[in-house]
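The values are calculated or read from the model by the stated rules, or taken from the named source; none is laboratory data. Quick caveat, the model's predicted, so the values are computed rather than measured. So basically every Cβ, Gly included, is an ideal-geometry build from the backbone, and we count neighbours across all protein chains shown. The area values use the complete protein model at the heavy-atom level, side chains included, leaving out ligands, DNA and RNA. Shrake-Rupley method; radii C 1.70, N 1.55, O 1.52, S 1.80 Å.
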Amino acid sequence: MMKKMEVGKKLLALSLGWFSMALSAQNPIVQTHYTADPAPMVYRDTLYLYVGCDEKDAPRNAYLMREYRLYTTTDMVNWTDHGAVLRTSVFDWSAGDASAAQCIERNGKFYWYISSQNKFKPGSSIGVAVGDTPYGPFKDALGRALVTNDMTTYAKHSWDDLDPSVFVDEDGQAWLYWGNGVCYRAKLKEDMVSLDGEIEVIDRKDASSFSGGFTEAPWIYKRQGRYYLVYASGFPESIHYSTAKSAGGKWTAQGVVMPTEKGSNTNHPGIVDFKGHSYFFYHNDALPGGHSYCRSVCVEEFVYGSDGTIPELHMTHEGVKQGVGTLSPYRRTEAETIAWSEGVTSAVSAERGVYITGIHDGDYIKVRDVDFGETGPKKFVAAASSRYHGGEMELRIDGRDGEVIGTLRIPYTGEWENWGEFATDVKSVTGVHDLYFVCKGKKPHELFNFDYWCFK
């Protein structure tokens, strides 16, 4: 009995800690799915975040990853879910594991470099998908892998061809870096799907090139004339970086970007500048139920030193404290545009695209920095469906228990596929506020599905 009481106290403490953290949390940036291996890409005025997806029923000793998801933001605090825009089933040669990947743009095409086990050539391989937009659709660019394990014989294990990172230099030369237990690199031809020359090996144990040694997850980029190679070191992993005067030059070890923290054995870096700010993406196991095989992507803002150094960063629940824009409530906004949520998940249908589902009593969605302007709204409209009793959506500002500016009643619609658009009058509110959709209804059924919303 005493042991049960102690376990109960620990579970209660964890629940209270999660609730307290969630009040101000921005990390992990996706709460509706487990995500991993972040690969940010800036294109025009949007940041595209491509991630792997740890499936929620993954065992505690093995990965279960079969798709890549895309999330976008224009303000760094609200993230829109675009679903699984690439699956390993696109590659006939893939054995079905969606290991780390990166997507980049060149000449109006989007090239997505993925790593996966190969059905036809034993070991891990690197493949390339190509699309005409950052959202896809993506197809296998070659019909075969670009790099196979028999092409990289320096390492004796079969999973050394993981975690591709791609960079196009100002002179037009593209570079591919990858590796597990060894760091490989090669030039790419302008077509982005052909190697240009031999595969080179960088000694992972060279202390002058890698502080702590190179394990995996390289991320290469250039900033203000300096080349950076960020990577995972050790196991459990910490994140380190090196610099060079050229993408193919001698790398010089610099130090730690993020020490080993929390419970995930792995970490995976992605660094990008967006709208005048610098951001470091990584993953951990911070979501409820998370572990080393059910991970979650996070982000921290940072400032480079005057000499270009990256400061040592730490995992936080708060994440990005200040956004780089506001959200207009007077345009249609997808329900899957979320700053923070509890209890809900997303799904996709051919008719509706991505929508929010799994909604029960007490679940909520938070949208940050909503600018209601100087005059304020009069009406709220949302698209929803319900197979059971429906429910209510309380519209609150500046807190889960904040002021109610309206309540939308969503009725029974017959089936989940029977969508309707429902409206309610709202109190006039002006200025910038955080907006909360707090869902209420009968237990234990799911209340409704939620597709989009707009204030009038």
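Summary table
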{"read-out": "Segments classed as strands (runs of 3 or more DSSP E), wholly inside the range 137-219, with at least 2 members that are under 18 Å from Ser116 (Cβ atoms)", "value": "165-168, 174-178"}
{"read-out": "Number of the condition not met by Glu403 [criteria: (1) free of Cβ contacts under 8 Å to residues at least 60 places away in the same chain; (2) surrounded by 15 or more Cβ atoms within 10 Å (Cβ to Cβ)]", "value": "(2)"}
{"read-out": "Test result for Asp92, assigned to a loop (DSSP other than H, G, I, E, B), among the charged types (D, E, K, R) and touching an Asp or Glu at 6+ places or on another chain (Cβ under 9 Å)", "value": "yes"}
{"read-out": "When residues of the range 310-364 are limited to those that are outside any loop (DSSP other than H, G, I, E, B) and among the aromatic types (Phe, Trp, Tyr), the one most open to solvent (accessible area, probe 1.4 Å)", "value": "Tyr355"}
{"read-out": "Pair list, Cβ < 6 Å and 6+ apart or interchain, from the range 440-456 residues that are touching a residue at least 40 places away in the same chain (Cβ under 8 Å) to residues that are of a type in the set (S, T, N, Q) and outside any loop (DSSP other than H, G, I, E, B)", "value": "Asn449/Thr357; Asn449/Ser385; Trp453/Thr333"}
{"read-out": "Single residue of the range 211-237 satisfying the filter (in contact with a Ser or Thr (Cβ under 7 Å, 6 or more places away or on another chain) and charged (D, E, K, R)) that is least open to solvent (accessible area, probe 1.4 Å)", "value": "Glu237"}
{"read-out": "Residue tally, condition open to solvent by less than 20 Å² (accessible area, probe 1.4 Å), out of contact with any His (no Cβ under 9 Å at 6 or more places or on another chain) and in a loop (DSSP other than H, G, I, E, B), over the range 44-89", "value": "4"}
{"read-out": "From the options Asp273, Asp307, Asp285, residue that is in contact with a Cys (Cβ under 8 Å, 6 or more places away or on another chain), at pLDDT 95 or above and surrounded by fewer than 23 Cβ atoms within 10 Å (Cβ to Cβ)", "value": "Asp285"}
{"read-out": "The range 46-69 residues that are modelled with pLDDT of 95 or more, paired with ones that are basic (Lys, Arg) (beta carbon under 6 Å, 6 or more apart)", "value": "Val51/Arg69; Cys53/Arg69; Asp54/Arg295; Glu67/Arg87"}
{"read-out": "Filter pass, Arg106 being within 20 Å of the chain's Cα centre (by Cα), basic (Lys, Arg) and over 25 Å from Glu301 (Cβ atoms)", "value": "no"}
{"read-out": "Residue in the range 365-387 that is surrounded by the most Cβ atoms within 10 Å (Cβ to Cβ), counting only those that are in a strand (DSSP E or B) and among the β-branched types (Val, Ile, Thr)", "value": "Ile365"}
